[in-house]
Amino acid sequence: MSRQMKFVAFLMAGPTSHHHAMWRHPQTENRFLDPAFWETLARTLEAGRFDAFFFADVLSFYNETVMARGGQMSLLDPVPLVAVMARATSRIGLGVTISTSFQEPYAIARVLSSLDVLSGGRIAWNIVTSAIEREAQIFGKDALLPRSERYDRAEEVLKACLDLWTGWPDGALVLDKESGDFIDEVKMRRTEITGKYVGATGVFTVPPSPQGHPVIMQAGSSPRGRDFAASYAELVFTLQHSLPDMQEFYADLKGRVDRAGRNPDDCAILVSVDPIIGETESIAREKQAYINDLVNPQLAIPFMSAHTGLDLSQYPVDQPIKDIPAETGSRGSFDVILQGTKASNLTLGEVAKRFAISELCPQVVGTPENVADELQEFFENKGCDGFIVTPTEMPGSFEAFTRSVVPILQKRGLFRKEYPGSSLRETIKA
């Protein structure tokens, strides 16, 4: 079989995704507190044979402006939401974001493994390191770890989770009614980990799922984040701005995976795209202009400040973005912004508006054939292994994509017509 695309839907349990005017679109339903809405959306994505969907997550309101204006936020914990959507589906992967900055490994491993068992092996863990001081404060912490230590803690957390997840060998769960043997305690392995940041001692309580343990997903862009992904990630979510940027990231990360002693094919790189589809190209362009004009300018700079962990309000809006220092906050996020704006020498105000529209990712605009053509170009020119599909209206963006673009890609042999198995790891490796 020839190389095929992978698709993962980007979701947030709130009013927006990347596009901060999504909730204001007249066709957006804004039923983000209704479990039936999410169940229907999960079935739509599964009918489109998406590899998975995943929920990005924010543990606190970024700031008062973002809260008041309906910017990016999570109004529900994605863990129970994923459980609801798992019951409505049988094949699609279910991704959940959990930060390594505040929870202990056992708590993370237990909840994710429980979801993985109950879903039949369809869970992915999107690993993030928190970069927002408000998230630390809501957890009762004085401050975040220094930026240089966040991935050190993340690596300890992940290694502990992986150790816990491998504590159950084959045949350990006996369940023999006649003998009364329930678990073969001799086969069970204890975890004994004491690290600088976290530890775990004891026997893990959750039996393994059909895929063994959750798929590891990651979205770091800094050099340290890329090294982390190269060592552990099976799916990588990245924000890139054009085909050359995608190709540069793709080649760099695949090289790091190889140097980490892994097969580069075992780490799929997915770039974020925002499809806007119309019956004609002119209709699609009108849709694009309409939704982009709904972004509130008062929201743009506070949001980008919160996302990067930098107070950008202290700089003039006409200052070139490349001249702004970034010694704190999320270095990877700010580097992505700089990369996407260096060719145009954009000002802070110009960049902030674009960031609130798509986080500087491509808006793929046109007829279904136009959109399919552009995705094929990115894919076949080694810009990616697939796509994070991000909506601009809900649920219409996903309905239009699955009903109009997916069949074209299937006809071209670029995307599956059926799931290869029942677990997420089977799907992404096919």
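Quick notes
- Dipole magnitude of the range 267-327, debye to nearest 20 (Cβ charges: Lys/Arg +1, Asp/Glu -1, about Cα centre): 80 debye
- A Cβ-based charge dipole, computed about the Cα centre of the range 36-103 with Lys and Arg at +1 and Asp and Glu at -1, lands at about 220 debye.
- Leading residue at positive end of dipole, the chain (Cβ point charges), from ASN263, TYR250, PRO316: ASN263
- Rounded to the nearest 20 debye, dipole of the chain from Cβ charges on Lys, Arg, Asp, Glu: 320 debye
- At 0.890 mPa s and 25 °C, Stokes D of the range 103-162 from Kirkwood alpha-carbon radius, µm² per second: 191 µm²/s
- Sites PHE37 and VAL186, calculated FRET efficiency, Cβ-Cβ separation with R0 41 Å, nearest 0.05: 0.25
- Reported label for calculated semi-axes √(5λ) of the Cα gyration tensor in Å given [x] 31, 26, 24; [y] 29, 28, 18; [z] 34, 26, 21: [z]
- Based on alpha-carbon atoms, the Kirkwood radius and the radius of gyration of the range 16-56 give Rg/Rh equal to 0.98.
- Net charge of the neighbourhood of LYS411, taken over other residues with C-beta under 15 Å away and scored Lys/Arg +1, Asp/Glu -1, is +2.
- For a modelled paramagnetic label at ASP265, 7 Å from Cα along Cα-to-Cβ, the residues of the range 349-388 in reach, with backbone nitrogen under 15 Å, are 385.
- Just checking the listed ones, MET217, MET188, MET304: in the Gaussian network model of the chain with Cα springs under 10 Å, the one fluctuating most is MET188.
- Gain in span if fully extended, GLU279 to GLU149, counting 0.36 nm per residue against the direct Cα distance: 41.8 nm
- Across the range 97-250, Cα-Cα pairs more than 23 Å apart make up 46 percent of the total.
- Length-normalised contact order for the chain - Cα pairs under 8 Å, 6+ apart - percent: 24 percent
- Cα gyration tensor category, rounded, prolate or oblate, for the range 48-106 with a/c compared to 1.5: oblate
- Given charges at Cβ of Lys, Arg, Asp, Glu: the chain dipole, positive-most of ALA47, SER179, LEU115: SER179
- For the range 348-430, diffusion coefficient by Stokes-Einstein and Kirkwood Rh (Cα), 4 °C, 1.567 mPa s, µm²/s: 89 µm²/s
- Placing unit charges on each Cβ (+1 for Lys and Arg, -1 for Asp and Glu) gives the chain a dipole about its Cα centre, and among ILE388, GLY140, ASN345 the Cα reaching farthest toward its positive end belongs to ILE388.
- Relative contact order %, the range 44-126, counting alpha carbon pairs below 8 Å whose residues are six or more apart: 34 percent
- Once the chain from LYS382 to PHE139 is taken as fully extended at 0.36 nm per residue, the excess over their C-alpha distance is 83.4 nm.
- From helices alone, the chain scores -12000 deg cm²/dmol at 222 nm; the rule is -39500 (n - 2.57) for each run of n ≥ 4 DSSP H residues, then divide by the residue total.
- Cβ-Cβ FRET estimate between ASP170 and ASP318, R0 fixed at 60 Å, reported to 0.05: 0.40
- Relative contact order of the range 91-147, taken over Cα pairs closer than 8 Å and 6 or more residues apart, is 42 percent.
- Summarised as an ellipsoid, the range 144-214 has semi-axes of 32, 12, 7 Å, derived from the eigenvalues of the Cα gyration tensor scaled by 5 and square-rooted, with the largest first.
- Taken over the alpha carbons of the range 199-341 as equal point scatterers, the Debye sum produces base-10 log I(q)/I(0) values at 0.09, 0.12, 0.13, 0.14 Å⁻¹ of -0.44, -0.73, -0.82, -0.91.
- Cα-based reach from LYS353 at 17 Å (exclusive), listing lysines while leaving out same-chain residues under 8 positions away: LYS322, LYS342
- Most mobile listed residue (PRO210, PRO26, PRO391) in the chain, GNM with C-alpha springs under 10 Å: PRO26
- Across GLY167, GLY180, GLY383, mean-square fluctuation computed from a Gaussian network of the chain (C-alpha pairs under 10 Å connected) peaks at GLY180.
Readers should treat all values here as calculations from the given coordinates under stated rules, not as data from a laboratory. Values in this document were obtained by computation on a predicted structure and should not be read as measured data. Every residue, glycine as well, gets a Cβ built from its backbone with ideal geometry; the counts of neighbours run over all protein chains shown.
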